[in-house]
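Asks: Right, I'll just put the structure down here and ask away after.
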Amino acid sequence: MDAAHPPSAANGFHGAHATLLLASYQRLLGRPLLDLAPGDDPGRALYAAPFVLLSHGTEADPLFNYANRAAQALFGYPWATFVGLPSRLSAEPLVREERERLLQRVAEQGFIDDYAGVRVAADGRRFRIEQAVVWNLVDETGTLHGQAACFHQWVPLVVPG
């Protein structure tokens, strides 16, 4: 995947990564991540999806390698900043240990579909995500490529001040 550039027609909307996201979700959860009509471009559809979708790789300190438009808007990072950012930075420092436990649960079970937690945007805004699905990105040969998360619901948090 050419992570240096956001999904576009020029790079096939990162079609191989989109296929990995969709196929892993379907295989692990037994249902589609997104209903596609015949002829729909999976990469284009995921990038424009009405829900937040993120993924990170398998590095020791995992780095984001995908963020759809909804994720970029919510977190306030453009593609060029988001991709390559350590995914741990999307959580508050005090919540990072909880996040690590979550990722370990996903690694062991393949997915979870009941995650809720506080996340931090680029400008410091906090919001609580709810009913997030987090799953392993595993190809048809069983190779782990990272983890992904999607969610439709979040609630802005007001910091007392």
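Asks: Can you pull out every residue in region 63-81 that is farther than 14 Å from A48 by Cβ and either free of Cβ contacts under 8 Å to residues at least 12 places away in the same chain or out of contact with any Leu (no Cβ under 8 Å at 6 or more places or on another chain) (or both)?
Replies: Matches in region 63-81: N65, L74, F75, G76, P78, A80, T81.
Asks: Which of the residues that make up region 28-44 are closer than 17 Å to V133 by Cβ and touching a residue at least 12 places away in the same chain (Cβ under 8 Å)?
Replies: Correct list: L28, L29, L33, L34.
Asks: Sort through L22, L54 and tell me the only one that's within 19 Å of H145 (Cα to Cα) and free of Cβ contacts under 8 Å to residues at least 60 places away in the same chain.
Replies: Of the residues listed, the single one that is within 19 Å of H145 (Cα to Cα) and free of Cβ contacts under 8 Å to residues at least 60 places away in the same chain is L22.
Asks: Name every residue in region 111-130 that is loosely packed, with under 15 Cβ neighbours inside 10 Å and over 18 Å from F75 (Cβ atoms), in order of residue number.
Replies: D113, D114 - these are the residues of region 111-130 that are loosely packed, with under 15 Cβ neighbours inside 10 Å and over 18 Å from F75 (Cβ atoms).
Asks: Another question, then. Hey, could you check region 21-52 for residues that are of a type in the set (A, V, I, L, M) and crowded, with 22+ Cβ neighbours inside 10 Å and say which is nearest to L89 (Cα to Cα)?
Replies: If we take residues in region 21-52 being of a type in the set (A, V, I, L, M) and crowded, with 22+ Cβ neighbours inside 10 Å, then V52 is nearest to L89 (Cα to Cα).
Asks: Moving on to the next point. Taking the condition of being at positive phi and in contact (Cβ under 8 Å) with a residue 60 or more places away in the chain, how many residues in region 127-161 meet it?
Replies: Qualifying residue count, region 127-161: 1.
Asks: How many residues are within 15 Å of C150 (Cβ to Cβ) and at pLDDT 90 or above if we restrict to region 83-109?
Replies: 2
Asks: Anything in region 17-38 that is of a type in the set (G, A, S) and either at pLDDT 95 or above or within 19 Å of F82 (Cβ to Cβ) (or both)? List them, or say none.
Replies: Residues satisfying the conditions are A18, A23, S24, G30.
The values are calculated or read from the model by the stated rules, or taken from the named source; none is laboratory data. Just so it is clear, the model here is predicted, and its values are computed rather than measured. We place every Cβ from the backbone using ideal geometry, glycine too, and count neighbours over all the protein chains shown.
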